[in-house]
Structures are given as C-alpha cells and as structure tokens.
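A short worksheet on the structure shown next.
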Amino acid sequence: MQRETLEVDILIVGGGPAGLSAALRLAQLQKQKGGEPLSIAVIEKAREAGAHQLSGALLDPSTLRELMPDFEAKGAPLACEVQQDNIYYLTPKSKLRLPITPPPFQNHGNYIISLNQFAKWLAAQVEAEGVDLFWGFAGQSVLFDGHRVTGVRTGDRGVGRDGQPRGMFEPGADIQAKVTIFADGVRGHLTKELMRTLQLGEYSQPAQFGIGVKELWEIPKDRLAPGTVIHTLGYPLRQEEFGGSWLYAMPDGQVSIGFVVGLDYKDPLLDPYSAFQRFKMHPFIAGILEGGQVMKYGAKALPEGGWNTQPRLFMDGGLIVGDAANFVNSMRLKGIHLAMRSGMLAAEAAFDAVRADDTSSARLQRYKTLVDESAIRTELYPVRNVHQAFSGGLYAGGMFAGLAMLTNGRLTGDLEGHAGHTRMKTLDHYYGMAKRDIISGSNAVTPDRKITFDKLTSVHYSGTHHEEDQPVHLLVHTDVCHTVCGDEYGHPCVRFCPANVYEMVDNGQGGRKLQINASNCVHCKTCDIMDPYGVITWVAPEGGEGPQYDGM
Amino acid sequence: MILVIAEQKDGKLNRASWEAVAAAQQLAAGSMPVKLAVFGQSLSGVAGELAAAAVAEVMTVEHDALALYTPDAFVHVAAALIAQQSPQFVMLAHTYQTRDFAPTLAARLDRALVTDVVALRQFNGQPAFARPMFQGKLVADVVLDGPAPHLVSVQIGAFRADAVQKGSSAAPVTSAAIGIAAGVVRQTAEAPFQEAKQAVDLSQAERIVAVGRGIKSQENIAVAEQLAQAFGAELAASRPICDNGWLPMERQIGSSGQTVAPKLYVAVGISGAIQHLVGMKGSRTIVAINKDAEAPIFEIADYGITADLFEVAPALIAELKK
C-alpha cells in the first residue's frame, strides 16, 4: 500500500491550548531569531478548531499575557471577568456557605471563557502566522526508529466495520518530523503508546483522573449576574468520593454548569452522569436552572494527580505537553494556563534543538529544565500531595489541603498515589453479599426532561457524530464482560460512560451481551481510565468525527 | 430573480428539487421571477418535467463533462450561469451533492451562503432564513449581508413538494451555452456504484414503516415487513435494529442514519429517542404504535395507538388488504 508522506521540522499533535500555544511560540521564535524558516504542522482529530475542546472554564490569564501581551486588542474571546466567588457545601436539601473562600477558589482577575471559542481564536492567531493546521486528521500511531520518535501516522479513512476497505478508502499519511510535540490531551492515546513503549512513567506516580460532565444552559437573564462563580462540594457525592460542581454565569443568561467526579471512586454502582443529574435536582441548583433550557452537553476526563504524576516529558525526537503530561492544578481546577505554558516551553526547547540539528533526548531534556524553572512547578509542586490525600476522604483531604497551603507544601514527603481504577470495589466488597437483591436495579435518575435528561438525549446535544460503518474505536481486549464482570462489578462501564456507548443487551439466549455504541462516543476517555480490569483501549476513530462543542 | 439549481441523476429528477422550487416560489411571492437550472447530459426529460412549474424559464446546461458529477464542473457552470443571469437568490435542496459543491461555489463567488434552511421569515422587511442551531435546539433567523446573489440551501422535508405552483402552460426550456475549458475539471469521476446491492434510497420513499426495539426479535421483523407491504411502504428501522443486524444499516433512520420526510411514517415499537426523531420529524403524517403511553414518539405523532404492536399490526394488515 502506498502511503503519502510529509516531512516537517516540528509536528504538533493536538490542536488544544497546549498544541496551539506551542505552534504560536514557534512562529514567534522564528520571527525573532530569523534564519531558515522551520516547517511546522499541527494535526488535530476534530473537524474544526475547538470542536473537541471542553472545559469549565476559568482562565488564569498569566500565560496568555506572556504569550500574547496584546490579547485584548486581538479580540481574545473572554466572556467576562470573575466578579464574585461563592463556595458551598451541599447537603441533600440545603446548603452551607463557606465563611471564607479558600485561596485556591479565589478567582479575582480570572476570566470565564468557553474553551471552544478560545481555541478557535487561538487557532486563527496561529494560522495568521502561517503555520499549517490540519483539522480532521487523527494521529493513529507513533512512528519509531528504534527508541527515536520520528513522527506520527494518521488514521486511515474509509475502512468498513469489518476492517476491510470500503469504496472511498484512503490510507493514512506518515508525517515525519525532527521533533514531535505530543499535545494529545488528557489520557492521550499516543502519549499512552509512548509511555508503554518507552517506559516514560517508570519514575512517576500513577496518573489520576476525574470526569467532568458539563452542560451549557440559557436561563432568564436577570437570575445571575455575569461573572458569578459558584463551586459546590458535598451532595450528591459522599465523604469517600472526590468531586464537586461548578456553575459560571456569563452574559446573556448563559451558564456553564458541570460536575466533576474523581475517577477513583469505590462504589461500582456510582454513575457520574446520574450524580450530575441529582446535583441539578438539588433545590438550590434547580432554582437557578428552572425555566431555562439546556443548549449543549459534553463530558471529558481531566488529570487530577498533579506534579508527581507527570511522565518523563522528553525522549529522542519527542516532547509531551499539556493535559497529556497531567499539567493540571486540581486544587484550583485549572490547567489551561499550565497547558499553554508547557506548550510554549516545549516550543523553545524544540526550536533550539532543530536549529542545533540535535533532537536527541539529551538535548530535548532542556524542556524539562525549563518546566522545573517555570511557574508550572511553582504552582504545582506545593500541592503535589493534595489529590493523593483526598483518597482518605473529603475531610482528611480538606484538612491536608489547608495544611499544605499554610506550609507551602513542606508538610510531608511524597504521598503515594494509586491508579483510580484499582480502588473500585467489587459489589460483594462494597455492598456485602446480603444486599445483592437491593442493588440489582439501576441507580439512574428518572429524567423530567426539563432539568434532567437521559444519557441518550444528552448525547444528542453533544453534537457527536461518527460514521457507523467503521471499526469500533473502543477496543475491549478480553471477554470479562460476559464472564466475571457482571458478578464482580455489575458492568460499571454502562454507568461511568457518560454517552451511552456501553450497553448490556439481551443476547437472545436468555443472557446479556455487551453492545458498544461507538458512534455515541464523546472522546472523554473515561472508559480507558476507569474500567476496573484495565481492558478497554480508546483509539481514534476516523479523523473529523466526534463531538461538536460549540460554545463549550 | 431567483435561480433554483435542480438536481438530477441519469435523467431522473431528485424529488427534493421540487421542495427547493416551492421555497423559491414562496420567497418570490409573485414579485420576482423564478428560473430553474439543471446541469447534466440528455436533460430534455427532466427539463420538461420541471417546466410544469409556474416559473419564468427552465435552463439546461448540457456538456460531456457534466455527465458525471464533479465539484469543479458544477461550480464552474453554476458560477458562469449566475454571472449571466445575476439572480438575487440562488436556491438549492440541501442534498449530499449540494453539500459538496455549494460551499465552494459561495467561496468562488465570494457571496454569503445559508444552509439547511427550514422556513422563510421576515426581519425588518428583509427576508430572513430560519435554520436550526445546536442540534435543533434553537432556530436562528439569518439575514444575509453583502451583495447579491445570496445562496440558500433548504433542508429536505422542510418545504412541501406538492406546494409547487404549476403553470397554466409549460415554461419555456432554453439551453444555456456555457463552455468548460480543458483543465477546469481536475477530478476524474468514475462511474457511480452502490456499495450494497439492493440499496434503498429512503429519502425518496413516499411511505415508510419503521420498526424499533419493541419488535423484540429478528423473527418478528416479518410482521413489520408485512405491514410495510400492506401500506406499499419501504421498511426502515431505528438504530438498535440495525445494530443487531436485523436490517441493513442503509435502512436506519436518524442522526446516524438517513433523514426522511415521507408523506406517511408509521413508527412501530419505536420509543422516539431524539436521535431518531431528528431523522423523521419532517414527515407529513406520523403514526405511532407503542405500548408505552409515555414514549416521546407520541409527542410528535399525528395518530397514536397505545397498544401491543403484535395485536395492532395484524389487524391493520387485515384492514389494509380489504
């Protein structure tokens, strides 16, 4: 089979804030330093800029200010500045306002943004600098020459469900690069391949994640002042579960509302989507949403493990940036500015390495040095243990977080972290044998179709779309689904997937079988993370497919 | 003047083109002439069919290079015809072919394009084009800016083909002379083929019987088949049926299948998930048969039967056979 090849100096995989910041910084360096221009390409699986970008989002503008001091004049889409911070502890029927807003939740000077619009704008700035952005091209696999990363192969198009080429088959292209910057996002499937092949996680703690489920609402305009920020802890989660909500009010009655659940919960019957529905039914929240309507839905995993979970960031011919490297401050619920900064620093290291014609691991290690000297470390190192401490529950974690703030992280040595999926308990362990009958039902919420919705309806509002006639892009490597999983965990994939991808259906012989509705997938990566057996692998479907997160 | 670009294949007019003509007549409201254009080879039959509408003229552009569709040839010919005719609006049905070439045409002309229009409205005395946003959650009224012509594609099923006003006599058919220089067409089209044998085009069906999860097993598909036969309808399905392989994927209706707008849509054992509704809500008359009275399908059905489909279907078949 003949594959097209494309050779560039620097390839950036992923068109989110990290990848686009890297591209923009490279273009700036080119201008500053002159000389033979480097060829730069960005590939992104979404059909258009920002389509797969989902976040709350509050933007700490510190990195943006450095990357582009005139961002306001250039029309950066910052919906509004944060005016008022509120943090509540919810009980099932009531709310307690925290008397002071803890420093990590203070958002004075930050902006409420739509990450979708922000990425669109950033992409336009990058394109204006003459960088080639290839939308709709998913990286399928990493190209290696021994231990050296030499680029990325993009996905084939027009392969049928049976794996055979269809009429419009088009093989993927090999993009060869001197340096490849992996900005493939949270639990990036290429970064995962790198970690496995090159053992990049050898000296790191296991990564930890959460899942964020989000909706965009339009509510009566006078209900919340634009710039109002609300965070909640507590209900419907229990003390043993990590997570909470956000609610950000933007102009024109637009509200970003969402719920994060740590993907290290113990209860195999927990359903993050249902938790979000229950949260919306709380009188406090229902009162805000009533009479409004939901415009958009989406979900995405987010890294929560912090500094000690970053993989080795450099290798021969490759660098890892942004969410793929777990650069998120889970205490402040912020990572966009860290993603952007890591992209900028990777760009600097890559630029010098290509110019010096030495893109070895030793040379690219400079990126790690730059990260260690940067505001990324200043921000993440002191809180490196906080998420790990929450594994002891909300109160222990909260207390630890307070102490970490007071002592600037000097409290203890490194706390050990565990991969979240290993903490899930079996039904027997969690509920005990006696309760088997009680738990056989579903814990889903009956939707009222005004404030709460069933998953399938929500999936529609994610705008996700996939060609049906293509190989299923969620690989389940063993047959545990039909043997032990039902007894042990009660098929948790059906619940942790926020998009109704996994379904246990009647197999026609009195039993049940797993049906994977791959075309519902919103690319959140939760199944790849949280499956207790670790047997699900998310791979990229055909390029250009997936959710359409306008305004998210 | 409003120019409608109709679509044909092998001398057979695409039914959706009539919907574009209806939309154009509605927009013109008698105060502007409507002209139709069709591109291809051996178009006399199609042109004659189109001439029945109350329009000023039917123009054909015939050329060897138009025998098989290519975006380059169609954009070239459409741009040339628009330059000759200077219409205020160019209207098209939002078919796959339109999706393929209309954006290029708009870019070539540097004119505004609004796609997937579902209704015509007025805004401050100007025509406004309603189009769905956010997966149909909102409808935006779009007023087009900039110089004419404005390009408009209309959603299939949004306008009624049978609302086309017919002329008292056939409209004149003329042949527009537009050359296609060598080098204009960069694509080489191969003869079209159907991926599957016996493929159906549900979007052209006038009656559809669609079956969903309520049918329970593959053996029972026969019941739906008989019902479809009795109605003289095409058989279609919601997603779970095609997922199970009980019917081929090409018969799937909904957001990941086909969008249809037949005159009669009989939904059998379909609960009406929104993914299914978006694919069929434009149907003229919707009949729903479902055991669950709370099923969302009843919210859009014109006739609803809350009952076991295995009781209703045989009764309907017997009645239809009389």
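Which whole number gives the average, over all residues in A:271-281, of C-beta atoms from other chains lying within 10 Å of the residue C-beta?
The mean count of partner-chain Cβ atoms within 10 Å per residue comes to 0.
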Just want the answer: with Cβ charges of +1 for Lys and Arg and -1 for Asp and Glu, which residue in B:ILE221, B:ILE300, B:ALA28 is farthest toward the dipole's positive end in the protein assembly as shown?
B:ILE300
If a paramagnetic tag sat 7 Å from the Cα of B:MET32 along the Cα-Cβ line, which residues of segment B:150-178 would have the backbone N under 16 Å from that point?
B:150-154
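Size of the dipole of segment A:245-322 about the Cα centre, Lys and Arg at +1 and Asp and Glu at -1 on the beta carbon, nothing else charged, in debye to 20? Spell out each step's value before the answer.
Details: 6 positive and 7 negative charges, 9 e Å.
That gives segment A:245-322 a dipole magnitude of about 40 debye.
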So for segment B:235-276, using the alpha carbon gyration tensor with a ≥ b ≥ c as root eigenvalues (a/c under 1.5 gives rounded; past that, a/b versus b/c decides prolate or oblate), I'd call it rounded
Classify segment A:318-362: rounded, prolate or oblate, from the alpha-carbon gyration tensor (a ≥ b ≥ c, eigenvalue square roots; a/c under 1.5 rounded; otherwise prolate if a/b is larger than b/c)?
prolate
Can you tell me the order of A:545-552, B:139-146 when each peptide is scored by its average per-residue count of other Cβ atoms within 10 angstrom, highest first?
A:545-552, B:139-146
What nm value, rounded to one decimal, do you get for the distance between A:ASP162 and A:ASN86 when each label is placed 7 Å out toward the C-beta?
5.9 nm
Averaged across A:454-460, how many Cβ atoms of other chains sit within 10 Å of each residue's Cβ atom?
4
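Could you work out the relative contact order of segment A:1-145? I mean the mean sequence separation of Cα pairs under 8 Å and 6+ apart, divided by the number of residues, in percent. Display every interim value, and only then the final one.
Working: 204 pairs, mean separation 52.7, N = 145.
Result for segment A:1-145 is 36 percent.
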What are the semi-axes of the equivalent ellipsoid of segment A:420-538, taken as the square roots of 5 times the eigenvalues of the Cα gyration tensor, listed largest first and rounded to whole Å?
24, 19, 15
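Send over the Kirkwood Rh of chain B, from the inverse of the averaged 1/r over different Cα pairs, rounded to one decimal Å. All intermediate terms of the calculation are to be shown ahead of the outcome.
On the way: mean 1/r = 0.0473 Å⁻¹.
That comes to 21.2 Å for chain B.
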Percent breakdown of C-alpha pair distances by 10 Å bin, ordered from the shortest bin, for segment B:202-321
15, 54, 30, 1
Angle between the Cα long axis of helix B:309-321 and the longest principal axis of chain B, 0 to 90 degrees, nearest 10?
60 degrees
Whole-Hz Karplus ³J(HN,Hα) for segment B:237-254, in order, using 6.51 cos²θ - 1.76 cosθ + 1.60 and θ = phi - 60°, x for Gly and Pro?
8, 8, 4, x, 5, 6, 4, 6, x, 6, 9, x, 4, 5, 9, 7, 9, x
For A:ARG157, residues with placed amide H under 5 Å, excluding near neighbours
A:GLU170, A:GLY172
On C-alpha positions alone, give me the angle between the axis of helix B:71-85 and the longest principal axis of chain B, in degrees, nearest 10.
60 degrees
Cα-based Rg and Dmax for segment B:2-175, in Å, come out at 15.1, 46
Under a straight-distance cross-link criterion of Cα-Cα below 20 Å, which lysines are reachable from A:LYS192, leaving out those fewer than 8 residues away in the same chain?
A:LYS45, A:LYS300, A:LYS368, A:LYS525
For A:SER360, A:SER458, A:SER21, A:SER55, what's the fewest-to-most ordering of other Cβ within 10 Å of each Cβ?
A:SER360, A:SER458, A:SER55, A:SER21
If I take the Cα coordinates of chain A and project them onto the principal axes, what are the three extents in Å, biggest first?
69, 59, 48
Of B:LEU3, A:LEU11, B:LEU316, A:LEU233, how do they rank once you tally other Cβ atoms within 10 Å and put the fewest first?
A:LEU233, B:LEU316, B:LEU3, A:LEU11
Helix by helix through chain A, keep the DSSP H runs that span 20 Å or more along the axis on Cα and average at least 0.5 on Kyte-Doolittle, and give those back in order.
A:336-355
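Which of the peptides B:259-266, A:528-535, A:346-353 is most tightly packed, and how do the rest follow, going by the mean number of other Cβ atoms within 10 Å of each residue? If you can, show how the numbers build up before the last one.
On the way: B:259-266: 22.5, A:528-535: 20.2, A:346-353: 25.6.
Ranked by mean Cβ neighbours within 10 Å, highest first: A:346-353, B:259-266, A:528-535.
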Cα→Cβ-extended label distance, 7 Å offset, between A:GLU66 and B:THR104, nm:
4.6 nm
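For segment B:2-175, give the magnitude of the charge dipole about the Cα centre (Cβ charges: +1 Lys/Arg, -1 Asp/Glu; no others), in debye to the nearest 20. Show your work: numbers first, answer last.
Details: 12 positive and 14 negative charges, 82 e Å.
Dipole size: approximately 400 debye.
Only loop residues by DSSP count here, and only those with at most 12 other Cβ atoms within 10 Å; note down the trypsin sites (Lys or Arg not before Pro) in segment A:90-165 that meet that. Kindly include the intermediate steps, with their values, before the conclusion.
Working: sites: A:LYS93, A:LYS95, A:ARG97, A:LYS120, A:ARG148, A:ARG153, A:ARG157, A:ARG161; in loops: A:LYS93, A:ARG161.
Those that pass, being in a loop and sparsely packed, are A:LYS93.
Rounded to a whole number of µm²/s, how large is the Stokes-Einstein D of segment A:300-437 at 25 °C and 0.890 mPa s, given Rh as the Kirkwood radius over C-alpha pairs? Display every interim value, and only then the final one.
Details: Rh = 16.8 Å.
It comes out at roughly 146 µm²/s.
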Using the basic label-point model (7 angstrom from Cα toward the beta carbon), what is the A:GLU129 to A:GLU468 distance in nanometres?
4.4 nm
P(r), alpha carbons of segment B:270-322 - 5 Å bins starting at zero, rounded %:
4, 21, 26, 22, 17, 8, 2, 0
Dipole magnitude of segment A:163-245 about its Cα centre (Cβ charges: Lys, Arg +1; Asp, Glu -1), debye to nearest 20:
40 debye
Cross-link partners among lysines for A:LYS513, C-alpha distance below 16 Å, same-chain residues fewer than 8 apart left out?
B:LYS216
Please enumerate, by chain and number, the lysines with C-alpha under 20 Å from the C-alpha of A:LYS33, excluding those fewer than 8 residues away in the same chain.
A:LYS178
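Need one number for segment A:1-128: average projected area of the convex hull over its C-alpha atoms, nm².
Working: hull surface 50.4 nm².
So the Cα hull casts an average projection of 12.6 nm².
If you average the sequence gap of Cα pairs under 8 Å that are 6 or more apart and divide by the length of segment B:2-175, what percent do you get for the contact order?
Details: 360 pairs, mean separation 53.3, N = 174.
So the answer I get is 31 percent.
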Sequence order, segment B:220-233: Karplus ³J(HN,Hα) from phi using 6.51 cos²θ - 1.76 cosθ + 1.60, θ = phi - 60°, Hz rounded, Gly and Pro as x, gives 6, 4, 4, 4, 5, 4, 5, 5, 4, 4, 5, 7, x, 10
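Where a number appears in this text, it was derived from the coordinates with a stated rule and is not lab data. What you see is a predicted model, and the numbers here were worked out from it, not measured in a lab. So basically every Cβ, Gly included, is an ideal-geometry build from the backbone, and we count neighbours across all protein chains shown.
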